[in-house]
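Reviewing the structure listed below.
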């Protein structure tokens with residue numbers, strides 16, 4: 001299976017993409033607050049095959065947080081649950097929304113990134129990983145070659 005990861009995409013770039021959602025393996029929105037040296041960030045992601053929780057994968061949106069005040073975590077969870085639903089399960093710095101709405105289109109991912117930026121005063125950077133995209137599909141989707149990060153050992 002050939003895999004390609006596009007990274008450091010903005011919400012505006014992602015909203016304009018028109019790719020085959022069946023070929024998306026996962027996406028991640030990483031929202032970093034200024035100053036970057038403080039390493040305060042929230043990462044929201046979705047794996048098509050589920051996210052590992054103990055030994056079993058959980059389907060649905062998951063997020064992690066780093067150097068975010070503990071009192072802010074429920075607000076982040078509430079916001080995401082209002083968007084995608086799901087049953088909350090917490091493990092360390094990760095919160096799983098089991099059974100939440102799953103979406104993979106550029107429009108939906110970009111829109112969520114934009115809302116996260118606004119709501120939590122952070123700058124979003126998006127990565128999307130695909131499987132078996134042809135060169136023609138990459139071009140038709142509008143995926144920027146400059147932001148392609150090949151996945152080692154995937155071809």
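Quick notes on this structure:
- The stretch 90-100, residues that are under 15 Å from residue 46 (Cα atoms) and outside any loop (DSSP other than H, G, I, E, B): 94, 95, 96, 97, 98
- When the criteria are applied in full, residue 110 fails the requirement of being in contact with a helix residue (DSSP H, G or I) (Cβ under 8 Å, 6 or more places away or on another chain), in a loop (DSSP other than H, G, I, E, B) and either at pLDDT 95 or above or within 17 Å of residue 13 (Cβ to Cβ) (or both).
- Within the stretch 37-58, the only residue that satisfies the criterion of being in a loop (DSSP other than H, G, I, E, B) and surrounded by 18 or more Cβ atoms within 10 Å (Cβ to Cβ) is 40.
- Check on residue 34, touching a residue at least 40 places away in the same chain (Cβ under 8 Å) and loosely packed, with under 14 Cβ neighbours inside 10 Å: yes
- Applying the set (1) within 16 Å of residue 129 (Cβ to Cβ); (2) under 14 Å from the mean Cα position of the chain (by Cα); (3) in contact (Cβ under 8 Å) with a residue 12 or more places away in the chain; (4) surrounded by 14 or more Cβ atoms within 10 Å (Cβ to Cβ) to residue 15 leaves exactly one unmet item: (1).
- The stretch 1-36 - residue that is modelled with pLDDT of 95 or more and assigned to a loop (DSSP other than H, G, I, E, B) and, of those, nearest to residue 138 (Cα to Cα): 19
- Residue within the stretch 86-93 that is closer than 18 Å to residue 31 by Cβ and at pLDDT below 95 present: yes
The values are calculated or read from the model by the stated rules, or taken from the named source; none is laboratory data. None of these values were measured; they are calculated from a predicted model. Positions of Cβ are generated from backbone atoms using ideal geometry, with glycine treated the same way; all protein chains shown enter the neighbour counts.
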